[in-house]
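Each remark here refers to the structure printed beneath this line.
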Amino acid sequence: MNDLSRPKRHFALVGYVLLFWVAYLVILVLVSKVKSLVPNELGQLVWGAVCSILLLALSLILLKRNARTPSDVGLGFNPASLLRLAAGGIVGLAIPGLILVIFIAFTGPFPISWSAKIHLSQVMLVISTCLTLSCMEELGFRGYPLPTLVQNIGFWQAQGTVEVAFALCHILYGWSWQSVCYGVLPSGLLFGIAAIVSRGLALPIGLHAGLNIGQWAVGDTGLLLLSLSEKQRARIATITPITGMSVVLLTAFAFWFWHRHRCNLDASEAGSISRG
């Protein structure tokens, strides 16, 4: 490829990402009509599953058109993918757990009990729904789009572009600006860094699902019941946005520094081999 054709190819690939996002929104809107055909409790699960299948198919079509393979954008699958999915789920669950510990340290101890209203079938439904919705969103933002943009406009520029698109999508969902700024943007950065450092979607899908499951578990209608006084509830409401954002960002940069450390070790080992 000559020097003149390379910028044109870069521009074309960025255009494909924009086209992908337009198709993403169309798929989400059209498939949402399916919700009326299934019981209410299964609506989100079916929506996420069908959208994930269609987005994966769309990604493969664009990759073939761009003369690229699924592995080029982290869509390959191997046995280690399941380990990364599980590891991401554990870290994702740990984030709300750590936030809960901070709340206890800040407000003083409070009783925590299991909800008698939540049955195993409901827990399994929540886990399945969170997994399918996480697949849908990770395919939509960290699957084909993020690696393609990283290869063409650079790491942080790509992260910023995907972050904006991720935030705008949640605003279209009806999320408040506060929720987007304190929740969606930090978590989007975490998922993006996880996708790049692991070179795949298993880790960010696990993180995304684990975080959502953990947030449900400690919510007002979730698995754990928090017996808070009015004073404790008010203090928690005050610190929740900053605490949640801080913990997620610290996790994101922990992944990033681990990645940089691993890259430096690999470079050092390569240098030692070449000198030997």
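Annotation: Lys117 fulfils all but one of (1) over 20 Å from Leu62 (Cα atoms); (2) under 17 Å from the mean Cα position of the chain (by Cα); the unmet one is (2). The single condition among (1) out of contact with any Phe, Trp or Tyr (no Cβ under 6 Å at 6 or more places or on another chain); (2) under 15 Å from Tyr144 (Cα atoms); (3) assigned to a helix (DSSP H, G or I) that Ala194 does not satisfy is (1).
Check whether at least one residue in region 162-181 is more than 17 Å from Met245 (Cβ to Cβ), more than 18 Å from the chain's Cα centre (by Cα) and at pLDDT below 90, and report yes or no. Yes; the residues of region 162-181 include at least one that is more than 17 Å from Met245 (Cβ to Cβ), more than 18 Å from the chain's Cα centre (by Cα) and at pLDDT below 90.
Residues of region 78-96 that are of a type outside the set (A, V, I, L, M), more than 16 Å from Gly183 (Cα to Cα) and touching a residue at least 24 places away in the same chain (Cβ under 8 Å): Ser81, Arg84, Gly88, Gly89. Counting only residues that are in contact with a helix residue (DSSP H, G or I) (Cβ under 6 Å, 6 or more places away or on another chain) and within 19 Å of Tyr16 (Cα to Cα), region 166-186 holds 1 of them.
For Phe191, which of the numbered conditions (1) farther than 23 Å from Ser32 by Cβ; (2) modelled with pLDDT of 95 or more fails to hold? Unmet condition: (1).
Close Cβ contacts (under 6 Å, 6 or more residues apart or on different chains) running from residues in region 14-33 that are within 15 Å of Leu58 (Cα to Cα) to residues that are not in a helix (DSSP H, G or I) comprise Phe20/Tyr144. Within region 146-168, restricting attention to residues that are touching a Phe, Trp or Tyr at 6+ places or on another chain (Cβ under 8 Å) and hydrophobic (A, V, I, L, M, F, W, C), the residue that is surrounded by the fewest Cβ atoms within 10 Å (Cβ to Cβ) is Ala165. Across region 76-93, what is the number of residues that are within 30 Å of Ala217 (Cα to Cα) and more than 15 Å from the chain's Cα centre (by Cα)? Counting residues in region 76-93 that are within 30 Å of Ala217 (Cα to Cα) and more than 15 Å from the chain's Cα centre (by Cα) gives 6. Within region 5-48, restricting attention to residues that are over 18 Å from Gly154 (Cα atoms) and hydroxyl-bearing (Ser, Thr, Tyr), the residue that is modelled with the lowest pLDDT is Ser5. Against the numbered list (1) at pLDDT below 85; (2) in a helix (DSSP H, G or I); (3) of a type outside the set (Val, Ile, Thr), Asn2 comes up short only at (2). For region 49-70, the candidate set comprises residues that are loosely packed, with under 14 Cβ neighbours inside 10 Å and at pLDDT below 90; within that set, the residue that is nearest to the chain's Cα centre (by Cα) is Thr69. Residues in region 224-239 that are crowded, with 16+ Cβ neighbours inside 10 Å, farther than 28 Å from Leu120 by Cα and among the hydrophobic types (A, V, I, L, M, F, W, C): Ile236 alone. Only one of the numbered conditions (1) surrounded by fewer than 16 Cβ atoms within 10 Å (Cβ to Cβ); (2) at pLDDT below 85; (3) in a helix (DSSP H, G or I) is violated by Leu249, and that is (2).
On the stretch given as region 107-145, residues that are in contact (Cβ under 8 Å) with a residue 60 or more places away in the chain, surrounded by 14 or more Cβ atoms within 10 Å (Cβ to Cβ) and not small (Gly, Ala, Ser) total 20. Summed over region 192-223, residues that are over 23 Å from Val101 (Cβ atoms) and either touching a Leu at 6+ places or on another chain (Cβ under 9 Å) or among the basic types (Lys, Arg) (or both) total 11.
The values are calculated or read from the model by the stated rules, or taken from the named source; none is laboratory data. This is a predicted model, so every value here is computed, not measured. All Cβ positions, glycine included, derive from the backbone under ideal geometry; neighbour counts span all protein chains shown.
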